[in-house]
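The next block holds one structure in the form of structure tokens; read it before the comments.
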Amino acid sequence: LFPVKQVSESLPASEEILESVVVVEEEEGSEIQEEEKEEEIATISGNIKAGDTIYESLIKEGISAAEILSLEEKVKSVVDFSYLPVGSEYSLKYNPEGKVTEFIYKPNPIDIYCIDVSTSDLEDLKVTKEEVLTEVVRLEGKIEYSLYESMLECADSPQLALQLAEIFAWQIDFLTECREGDTFNILVEKQYRGDFYRWGKILAARYEGEFLSEHTAILFEDPAGHIDYYTEEGKSLRKAFLRAPLNYKYISSYFSKNRLHPILRIWRPHLAIDYAAPTGTPVSTIGDGTVIYVGWENGYGNYIKIRHPNNYVSDYGHLSRFAKGLIKGQKVKQGEIIGYVGSTGLSTGPHLDFSISKNGKKADFLKLKLPAAFSVDPQYSAQFNETKNKLLSDLKNGRKLDLNIGIENQQSINLEGE
């Protein structure tokens, strides 16, 4: 997890080699002793879990209370031992006497602090923060089996598939609408800490397919600090309802070359939709609202009704169980898990029975025309258009970007995910 420091020692000068045999033997003996000491340096690594303290963790590893308190005093200007976030990682090196010589702290996926605590003089404390470099690259792919599989082939990263699916969650149901031959094109941050570290944010994306029209997303942060994905016209991609009640990130692992569509969307009479999915698949509310019914409903088995603004009501049936603590009258947020796919009631197999109504009448969910959540503030239109034109130009032509990200040699690459 943590970088290992490499230490190289220069060989003795030629004239020193000509010294007496006794001296050479003493020097060699001294070098051997030094090497043995180096080999005796031990390392402890761990991470902070809920309810843990670093003090208790280090005591269990055999570090003395006095040494832990001394370490805490030395690093307090950088690390507050009394409050380490859950999930933060640490590593330390200590010698045979139990003295800590180096403390490495990783509070989040980006930052790493390497603190040399071998000195007792706090003024000589050395703190090094590892630098993460970022470049912007262009990736293209073609769907052969699924977005998940194609992104693995294109960038060896399922995380990018999930990120793209979340960006277009209001426009595309990647579980059922993805087709062989569809294409995607993205600009994404690629981060390095020495070698490749991880993928960052998708800055722009375009998806085009047989079943779908072309969809484009532009990431824009206005001078007021509001950041979101927008269409080319400056309208937010966010809408009142998600495209589907099943979240791609919970199901993407079911995709494989042997199973293109693990989720089937089946139309039924009266504008209801069945989503055939594995038992236990999380079900999310399509939009903000209030739970108006949760319980058993005849042939629908375990059943939930949610009232949304503007007289919309969504229904979810045949659930195996409800989300823990869900009750009538509870407020829920868009995308919140409310239950799990099952086969309760009159059902021939695990699936979600989903429908939506407007003013008491069933509506065609996939044909609902909903306004965007908001648009780019008119006073920032010029900045948005500048960002949009720069990103779309590179998305189309693959030219290098100058986004002031501190990289001297930005590059643009084109990878086929076929």
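Okay, here's what the table says:
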| read-out | value |
| --- | --- |
| Some residue of the stretch 176-190 being under 22 Å from Lys369 (Cβ atoms) and assigned by TED's automatic domain parsing to the domain that holds Asn389 | yes |
| Failed item, numbered, when Glu180 is tested on (1) modelled with pLDDT under 90; (2) part of a helix (DSSP H, G or I); (3) surrounded by fewer than 19 Cβ atoms within 10 Å (Cβ to Cβ) | (2) |
| Single match in Tyr229, Tyr197, Tyr192 (criterion: farther than 15 Å from Gln171 by Cα, in contact with a Leu (Cβ under 6 Å, 6 or more places away or on another chain) and among the hydroxyl-bearing types (Ser, Thr, Tyr)) | Tyr192 |
| Checklist (1) of a type in the set (A, V, I, L, M); (2) under 24 Å from the mean Cα position of the chain (by Cα); (3) surrounded by 13 or more Cβ atoms within 10 Å (Cβ to Cβ) applied to Val127, failing item | (2) |
| Whichever residue in the stretch 163-177 is under 14 Å from Leu219 (Cα atoms) and not acidic (Asp, Glu) and, among such residues, is surrounded by the fewest Cβ atoms within 10 Å (Cβ to Cβ) | Gln163 |
| Residue that is nearest to Asn247 (Cα to Cα), among those in the stretch 143-177 that are in a loop (DSSP other than H, G, I, E, B) and small (Gly, Ala, Ser) | Ala169 |
| Hey, Trp199 within 16 Å of the chain's Cα centre (by Cα) and either buried (at least 17 other Cβ atoms within 10 Å of the Cβ) or at pLDDT 80 or above (or both) or not | yes |
| Some residue of the stretch 98-115 being loosely packed, with under 15 Cβ neighbours inside 10 Å, among the acidic types (Asp, Glu) and farther than 21 Å from Asp195 by Cα | no |
| Restricting the stretch 43-65 to residues that are free of Cβ contacts under 8 Å to residues at least 40 places away in the same chain and either assigned to a strand (DSSP E or B) or touching a strand residue (DSSP E or B) at 6+ places or on another chain (Cβ under 8 Å) (or both), the residue that is nearest to Tyr90 (Cα to Cα) | Ile54 |
| Qualifying residue in the stretch 132-149 (condition: without any contact (Cβ under 8 Å) to a residue 60 or more places away in the chain, of a type outside the set (A, V, I, L, M) and crowded, with 19+ Cβ neighbours inside 10 Å) | no |
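Here's the yes/no breakdown for (1) at pLDDT 95 or above; (2) among the polar types (S, T, N, Q); (3) touching a helix residue (DSSP H, G or I) at 6+ places or on another chain (Cβ under 6 Å); (4) crowded, with 20+ Cβ neighbours inside 10 Å:
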site: His261; (1), (2), (3), (4): no, no, no, no
site: Pro278; (1), (2), (3), (4): no, no, no, no
site: Ser284; (1), (2), (3), (4): yes, yes, no, yes
site: Tyr293; (1), (2), (3), (4): yes, no, no, no
site: Asn310; (1), (2), (3), (4): no, yes, no, no
site: Leu319; (1), (2), (3), (4): yes, no, no, yes
site: Thr348; (1), (2), (3), (4): no, yes, no, no
site: Lys362; (1), (2), (3), (4): no, no, yes, no
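The values are calculated or read from the model by the stated rules, or taken from the named source; none is laboratory data. Just so we're clear, the structure is a prediction, and the values are computed from it rather than from any experiment. All Cβ positions, even for glycine, are placed from backbone atoms using ideal geometry, and neighbour counts span all protein chains on display.
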